[in-house]
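The block underneath contains the structure these notes are about, expressed in structure tokens.
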Amino acid sequence: MSAVVHSLPDEAQRTSDFHRISLFVKNEPGVLARVAMVFSRRGYNIESLVVSTAAREGYSRMTITSSGDPETLEQMIKQLAKLVDVVHAIDHTGDAAYETEIALIKLRCSSDERHEILQIVEHFGAKVVDFARDSLMIRIYGSSEKLDAIRDLLGKFEIAEIVRSGKILMARGRATT
Amino acid sequence: MDSKVATGAERLIECLEAEGVEYIFGLSGGAAIPIFDALVDSSIKLILTRHEQGAAHMADGYARATGRPGVVLVTSGPGATNTVTGLLTAHMDSVPMVVITGQCVTDMLGKDGFQEADVTSITYAVVKHSYLVRRSGDIPRITREAFHLAGTGRPGPVLVDIPKNISQGPCLAPLTSEMDLPGYSIPSHGSPDNLDEAAALLSSAQRPVLLVGHGVVISEASKAVTQLAERLGAPMVSTLLGKGGADETHPLHLGMLGMHGTAYANKATDAADLIMSIGSRWDDRITGKLDEFCLGAKKIHVDIDPAEFNKMVVPEVCIEGDARLVLEALLPLVDPLDTSEWLARVEAWRKKYPLKYRKQGGLRAQHVLDRLDALTQGRAIISTDVGQHQMWAAQFCKVTESKNWLSSGGAGTMGFGLPAAIGAAFARPDQDVWAVVGDGGFQMTQAELATAAIHNLRVKCLIINNNYLGMVRQWQELFFENRLSGVDLEGNPDFVKLAQAYGIKAFRIKRPGDVDRILSQADAYDEGPCVVVAEVVKEDNVFPFIPAGATLSDMIIEKPTEKLAKPTGST
Ligand SMILES: Cc1ncc(C[n+]2csc(CCOP(=O)(O)OP(=O)(O)O)c2C)c(N)n1
Ligand SMILES: [Mg+2]
């Protein structure tokens, strides 16, 4: 009943195990915990969760990618929408929403290896943001698939650390996120 | 501090007065002292309980008996955690409640201050919403929101945690404040399309059944539901919490369905070609094995909470709205049906499989409850505890009016019966309240006899004493080769003497021949609360019985001779 808006999963969404959910929430203490509980109670694993301030003051956006039993998805979206602090909950699985993600990758490398690394970086339109004697930090953004691809290619070098932001997304055109 | 500036606690109490609060049930302690202090000058009556769980169930009973939120006030730490069972009970049964907990000062939060408990976190899963008040200026808004959330839509408990520096410090905010709940809306009467679809399904039904749930009680839809049943010629069956939603003595009413429902209610539901659930959530005690639940019937589901749709059964039509408003909008769309053949079949079941019990060979709980029903004839409010006595009370006590039946359904909380009856007795002092409790559950909150005695309430506590945790013993007998484990209540006190120790009048029923005489004496007793102890046979079982996870057609009507398989359902 707290659902001002919720969009229910269609056929494609119900059959996929992987879900992209956006929430528009009041920025109150505890809202994250309440949201997380809806997922954990139904055996859903949160793959990534991005929380940021919304355009409207006092509100936040949450973008969640999660995997779990598609049968429970409708229930989960409704339970999320029911939380008093959640203004709306939308499942974007299967939508043509625009999505992106950023990764920072730190490589240990010798000067001999640099050349090949820089070629890969250039090819992917990534950028070196820290250049040290025996390491490089690379920033890349784009689809999660693109990030996975560069990670695979760089796998032959010594990857010291990877930090990924998690997916953010926005519905295209007039659709609501 | 300027003496004219109200403290947070004083502002809180003014807000509660503005919400029309009559009673607060609670127990004091350090972090809540400023609030208790502010109550001294208030018109609100503070009812001191003996345990915070008692306070929570009293507020719950008050709420179920009136439809208005019950209010609890306790201290931080253990005081607050003692209300958790009460929150669960109210949450599972959609009961409006506002629980105010003291908290240690904000500077100490997260530092293991004395009697600090992170109650908002502990209770996330058992509240409709909760607040930790961080600014005294928020008190008026939060109080308004708390009552609004608790009492509207699908009701439920709301927790408000107030640090001591906030309640003790000045509050400059005015008494009235706007709510800010952009994520909360209340459905009303359903969409016209869904109403039309439902009307079409109803008009083509040949064997309709109306399933009356708690939503009917909450939304006061009794009249509309009865009109619909009469218009359609549809029998009504009720969930445990829907009892009283429609008059159970109405000729079309078949009583409770489900695990321990009447055989005729279950047979009718099983044979129906259309089941319309009004404010029930198709609880597993009703559906049993979900995949096989009433496959031959089309289903309509009316609920104020859309999260209930498709959760258990997947109905043909879902109508999101308040039960009364939906039914009132639906009635003009529905034409009378001729169901005389269907009703004849149902009546044949009613005759063939009546509720029955033995009147010889010792005193039976069913006998006592059957006679209690005959004596009170729906006049009294009945609250129950949890166990065999609860199911027998549900079978034999016919509830004629909404809000006259108080029982913990979703949570099945032992210890609920007596304090809930006390809360109801405060709410409706002109009516008798019978608490039907088991010897096990009674002992969980028996200390509240003091509360009943001090306030001289019209509570009559009927203890069905079988010296067992009877319901569990029944399962062990039927499904675990009678290997009894942890069910013998050896060491029970003499309940008559126990009551007397509180200065409470007590009666004892020993033989079937005593039942009518003693019950009448207790009923007529008007000098305060009383206790009636029925010393019933130790071993008796509740039938009919659909084992958990089985189907309606697996109903066991009488004690079986062969061994039963262990139930597959959860409990
Ligand atoms: C707080 C709590 N603990 C345990 C249970 C499990 N339980 C359900 S019924 C029951 C037996 C109740 O015994 P009693 O109160 O004597 O009632 P009877 O079944 O004998 O009528 C038990 C232990 C429960 N429902 N609630
Ligand atoms: Mg017992």
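The values are calculated or read from the model by the stated rules, or taken from the named source; none is laboratory data. What you see is a predicted model; the values in this text were computed from it and never measured. No Cβ is skipped: glycine too gets one built from the backbone with ideal geometry, and neighbour counts run over all protein chains shown. Protein only, heavy atoms only, side chains kept; ligands, DNA and RNA dropped before computing areas. Shrake-Rupley method; radii C 1.70, N 1.55, O 1.52, S 1.80 Å.
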Hits among lysines - C-alpha to C-alpha of residue B:299 under 20 Å, sequence gap 8 or more where chains match: B:267, B:289, B:311
Spin-label pair residue B:541/residue B:517, simplified geometry with 7 Å Cα→Cβ offset, distance in nm: 3.4
Whole-number accessible area per residue in Å² for the protein assembly as shown, which is evaluated in the context of all protein chains at 1.4 Å: 41
Nonlocal amide H pairs with residue B:319, under 5 Å, H built at 1.01 Å: B:301, B:302, B:303
Whole-number D in µm² s⁻¹ for the stretch B:80-175, Kirkwood Cα-pair radius fed into Stokes-Einstein, 10 °C, 1.306 mPa s: 116
At most 15 other Cβ within 10 Å, DSSP loop - GluC sites (Glu not before Pro), the stretch B:298-327: B:316
DSSP-defined antiparallel bridges as percent of all bridges, the protein assembly as shown, nearest 5: 40
Whole-Hz couplings from phi, Karplus 6.51/-1.76/1.60, listed for the stretch B:457-462; x for Gly and Pro: 7, 7, 9, 10, 9, 9
Dipole magnitude (debye, nearest 20) for the protein assembly as shown, charges at Cβ of Lys, Arg, Asp, Glu: 1100
Estimated buried accessible area (total), pair A and B, 1.4 Å, Å² to nearest 100: 1900
Value of Rg to Rh for the protein assembly as shown (Rh from inverse mean 1/r over Cα pairs, i.e. Kirkwood): 1.03
Length-normalised contact order of the stretch B:365-543 in % [C-alpha pairs under 8 Å, at least 6 apart]: 23
Chain B: relative contact order in percent, alpha carbon pairs under 8 Å with at least 6 residues between: 14
Unit charges at the beta carbon, dipole of the stretch B:192-352: most positive-side option, B:250, B:208, B:310: B:250
Overall Cα dimensions of the stretch B:402-498, principal axis frame, Å, largest first: 48, 34, 16
Isotropically averaged projected area of the stretch B:192-352, using the convex hull of Cα atoms (one quarter of hull area), nm²: 8.0
Point-charge dipole on Cβ atoms (K/R +1, D/E -1) for the stretch B:192-352, about Cα centre, debye to 20: 700
Net charge, residue B:425 excluded, C-beta distance under 9 Å - Lys, Arg +1, Asp, Glu -1: +1
Cβ-Cβ FRET estimate between residue A:151 and residue B:180, R0 fixed at 51 Å, reported to 0.05: 0.70
GluC sites (Glu not before Pro) lying in DSSP loop within the stretch A:7-106, provided at most 10 other Cβ fall within 10 Å: A:57
Percent antiparallel among DSSP beta bridges (both partners in chain B, rounded to 5): 5
The stretch B:171-264: equivalent-ellipsoid semi-axes (sqrt of 5 x gyration tensor eigenvalues, Cα, Å): 35, 20, 11
Reciprocal of mean inverse Cα separation for the stretch B:529-571 (Kirkwood radius, Å): 12.9
Apportionment of accessible area to carbon and sulfur, the stretch B:365-543, percent (1.4 Å): 46
Rule-of-thumb Rg ratio for the stretch B:365-543 [Cα; 2.2 N^0.38 Å; N residues]: 0.96
Within-15-Å neighbourhood charge of residue A:164 [Cβ basis; K, R +1; D, E -1]: -2
Whole-percent carbon and sulfur share, accessible surface of chain A, 1.4 Å: 50
Convex hull volume per residue in cubic angstrom - Cα atoms of the stretch B:98-137: 81
Whole-percent pair-distance distribution, where bins are 10 Å wide, for the alpha carbons of the stretch B:313-411: 12, 26, 32, 25, 5, 1
Per residue Cα convex hull volume in Å³ - calculated over the stretch A:11-94: 80
Structure-based [θ]222 nm, chain B - -39500 (n - 2.57) summed over DSSP H runs of at least 4, per residue, nearest 500: -10000 deg cm²/dmol
Nonlocal Lys pairs with alpha-carbon distance under 23 Å, chain A (8 or more apart, or different chains): 13
Two-decimal Rg to Rh for the stretch B:8-168 - Kirkwood Rh, Cα set: 0.92
For chain B, fraction of C-alpha pairs farther apart than 33 Å, in %: 44
The stretch A:41-119: trypsin sites (Lys or Arg not before Pro) in DSSP loop, at most 13 other beta carbons within 10 Å: A:56
Convex hull projection area averaged over all views, the stretch B:24-71, Cα basis, nm²: 3.4
Where labels lie 7 Å past Cα in the beta-carbon direction, separation of residue B:497 and residue B:152 in nm: 5.5
Charge context of residue B:123, other residues only, Cβ under 12 angstrom, K/R +1, D/E -1: 0
The stretch B:438-571: equivalent-ellipsoid semi-axes (sqrt of 5 x gyration tensor eigenvalues, Cα, Å): 34, 16, 14
Å³ per residue enclosed by the Cα convex hull of the stretch A:70-177: 142
